[in-house]
Every structure is written in structure tokens, then in C-alpha cells.
Amino acid sequence: MTEWTRGDPAKAPPRSPLATGGRLDEVTLLAAYRSGVFPWYSEGEPVAWWCPDPRFVLLPGELRVTDSLRRTLRKPGWTVTFDRDFAGVMRACAAAPRPGQDGTWITAEMIAAYVALHRAGHAHSVEVRWHGELVGGLYGVAVGRIFHGESMFHRRSDASKVGFVRLVERLVAAGFVLIDCQMPTEHLASLGAFAVRRADFLACLRAQRDLPPTGDPWINPDACPGP
């Protein structure tokens, strides 16, 4: 039995892990996301499984795009692709400096597990390039009509926002109803994310996790799959 399954996600401590320990592999990860649980821990520590209350979410149809960001999106030079370099995006997220954090929770063990989940068709990446150079991106896990965002990075101003906007456009077209942002950040709040009760989030997840999307948001414009 995986450690997190010993507890009830609906009764997890609001700001502490539901459980620690257990395996980190694609089967365990998918089962966790389907239950509203995600791993978050530091290298050298046992796997910690979280289901915080409240939960930070974003409704795809209510994405907030400022006039400044719209001007940025119109600049020539951006190229946004999907699932072309999943491992590269994860490594870039792991290497990105984050204020107030020493090191990264995206360990080698975690990268291996999510790459396996990606190969199984459940984890996805967005790559943002500026004149051909990878300057931003994000990755997450799709469960039914909910996308669980995991991490993003940028090496050029607004690059991660460019990728997020293009992702949300795809998710709206494919019938996704919710983006799980997990923990609150000012960056996502500026795009329209907000906090909801954990009970409401889990109810939405149960209602949507077995519904197939109405389209495939991960197909690139040229219909050529990434490596």
C-alpha cells in the first residue's frame, strides 16, 4: 500500500503533508493526482504527499490577460510547442532560482517518475522559445478535464506567461474545466487564479477525472509529435 493511501485527502492537515514515504513512480503518481494528492519534498527527504486546504485553482475561461501581456504575445520571435522536450523543461524548472527557497524539490527521482508518466501519456510540457532558444516553459499532469500544473520557469521576461496563455487557449478548446495550481503564488494570482475550499476542489475532481477531453491540446500545429 502506498503511504498516502493510508490517509483521507479530504482530512489532510491544511498546511502539512497528508503522509510521507512510499514509492514515486508513474502508477503511484497517477493514482495520487486522481485523488487530489501531489508530491512535494526536498532531496534527501522521504516523499511527502500533499492535499492542501484551501486549493489554488484557475478557471481556463477566466484567464486574466493584461494589455501589456497581449502586446508581448504579439511580438514576433515567440514559438510555443507542446510535449517536444518534457525532460528538458523539468530540468530547467529544477534549475530555476526561486526566492526564499534553497535548492529544488524537483529531484532526479522526481524527474524520472514524471518522465515515465509523460511517456504513458498523462504528463505534458509546454516549451517557449525566443528566436529558437528555449527561454521558458511549464509542465503538469492531465486527469480527465483537469490540468494539474506543477512548475514553470523563465529565462526571458514573461516567457512562462506566454506559455501559460497558449496552454490555457488549448485547454479551453479541449473542454478542460479547471487548472489546479496547488499552492498560491502572486504570479498565478495575477493571471486570475484564486483559492477554493479543498472539499469543493475534490468534488470537482471526482466529477471530471473520468471525462475525456473534447479535443487533444497537445498536438503541435504541424501535427508532428516531439521526441
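Since every read-out is calculated from the coordinates, none of them should be taken as a lab result. These numbers were taken from a predicted model, which means no experiment stands behind them. Note that each Cβ is placed from the backbone with ideal geometry, even for glycine, and that neighbours are counted across all protein chains shown.
Values computed for the structure shown
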| quantity | calculated |
| --- | --- |
| Nitroxide proxy distance, nm - points 7 Å out along Cα→Cβ at Glu186 and Leu211 | 3.5 |
| Mean ellipticity per residue at 222 nm, deg cm²/dmol - from DSSP H runs of n ≥ 4 across the chain, formula -39500 (n - 2.57) | -9000 deg cm²/dmol |
| Principal-axis tilt of helix 108-119 within the chain, Cα atoms, nearest 10 degrees | 70 |
| Rg/Rh for the stretch 85-198, where both radii come from Cα atoms and Rh is the Kirkwood radius | 0.94 |
| Around Glu127: net Lys/Arg minus Asp/Glu count, Cβ-Cβ under 9 Å | 0 |
| Å³ per residue enclosed by the Cα convex hull of the chain | 119 |
| Cα-based Rg / Dmax (Å) for the stretch 139-194 | 11.1, 32 |
| Interchain or long-range residues, amide H under 5 Å from Ser151's placed H | Tyr139 |
| Selection from Pro17, Pro54, Val141, by position along the positive dipole direction of the chain (Cβ) | Pro54 |
| Efficiency of FRET from Cβ geometry, Thr20 and Ala203, R₀ 30 Å, rounded to 0.05 | 0.70 |
| Packing-based exposure ordering (other Cβ within 10 Å, fewest first) of Ser125, Ser160 | Ser160, Ser125 |
| Globularity ratio of the stretch 23-82, using Cα Rg and 2.2 N^0.38 Å | 1.71 |
